[in-house]
1. Does the range 1-85 come out rounded, prolate or oblate, given a ≥ b ≥ c as the square roots of the eigenvalues of its C-alpha gyration tensor, rounded meaning a/c under 1.5 and, failing that, prolate meaning a/b above b/c?
2. Calculated FRET efficiency, LYS65 and LYS7, Cβ-Cβ r, R0 22 Å, to nearest 0.05?
3. How much length is gained if the chain between ASP187 and ARG81 is pulled fully straight, taking 0.36 nm per residue apart and subtracting their Cα-Cα distance, in nm to one decimal?
4. So how far, in whole Å, is the C-alpha centre of the range 67-129 from the one of the range 1-58?
5. Rounded to the nearest percent, how much of the accessible area of the chain (1.4 Å probe, protein heavy atoms only) is carbon and sulfur?
6. Compute the length gained on full extension between VAL158 and ASP33: take 0.36 nm times their separation in residues and subtract their Cα-Cα distance, giving the result in nm to one decimal.
7. Could you rank the peptides 143-150, 11-18 by their average count of other C-beta atoms within 10 Å per residue, with the highest value first?
8. For ASN45 and ALA107, calculate 0.36 nm times their separation in residues minus their Cα-Cα distance, and state this gained length in nm to one decimal.
Amino acid sequence: MNETKLKIPGENDFFTQEAYKTLRTNLQFCGQDIHAIMVTSCSENEGKTTVSLGLGKSMAELGKKVFVIDADMRKSVIAGRNADVRFPAGLSEVITGQESLDNCLYATQYPNLTLMFSGQYPPNPVELLSGRYFDALIAGSRKTFDYIIIDTPPLGSVIDAAVIAPKCDGAILVISDQSVGRRLALDVVNQLKKSECPILGVVRNNVKKKNDRYYYKKYY
């Protein structure tokens, strides 16, 4: 297995970490059948990737084996912004048969937290995500990991997350405070409902405190 060092914004901030612990606790109370979880947002730059990584780290701290999959094959930022590798092979290579799964798994500095990057941008991401090889990846991962967290593209921009949703046990919607309109948020919620993927809750992100510190706070 490969190795990488992650950089997760807020990992040294007390309020951020407490918020992740609260999110983690609420997620556990969603039931024992919740193992594959997709994280999406309405639009870009709402923090869904940071939440995916932060939640994965928090779950791993409980001793759970956690697998974070970067499924944003259109515009991934993890490799360039959150990790110390450049142009790694990942999801797109695995589900097209160009690379083996083992060659695309990355251990992190956090025990029990494993990561797969998105890989190269393919010309047909929706077709790949709706195909049987992605299904097989998720099914196989369920046998190895306690939790699978899938970082997906914004559902308000492209349809990829709606294709991934039926393969998951639940969805988390990240909404940046005061930056998303009510109509867009409702459209995204309705799209998730059509996919018959339970909405586990909403993470309200970028909430400003009186002392001008920023933190992640969950609302269920």
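1. Numbers: a/c = 1.38, a/b = 1.33, b/c = 1.05.
Because its axes are fairly even, with a/c under 1.5, the range 1-85 counts as rounded.
2. Computed FRET efficiency for LYS65 and LYS7 comes out at 0.50.
3. On the way: separation 106, 0.36 × 106 = 38.16 nm, distance 2.94 nm.
Taking 0.36 nm per residue and subtracting the Cα distance, the gain is 35.2 nm.
4. Cα centroid of the range 67-129 versus Cα centroid of the range 1-58: 17 Å apart.
5. Carbon with sulfur: 48 percent of the solvent-accessible area.
6. So the chain would gain 42.2 nm between VAL158 and ASP33.
7. Taking the mean over residues of other Cβ atoms within 10 Å, the ranking is 143-150, 11-18.
8. Numbers: separation 62, 0.36 × 62 = 22.32 nm, distance 2.59 nm.
Full extension from ASN45 to ALA107 adds 19.7 nm.
The values are calculated or read from the model by the stated rules, or taken from the named source; none is laboratory data. Since the model is a prediction, treat every value here as computed from it, not as a measurement. Cβ atoms come from the backbone with ideal geometry, glycine included; neighbour counts cover every protein chain shown. With ligands, DNA and RNA removed, areas are computed over all heavy atoms of the protein, side chains included. Shrake-Rupley method; radii C 1.70, N 1.55, O 1.52, S 1.80 Å.
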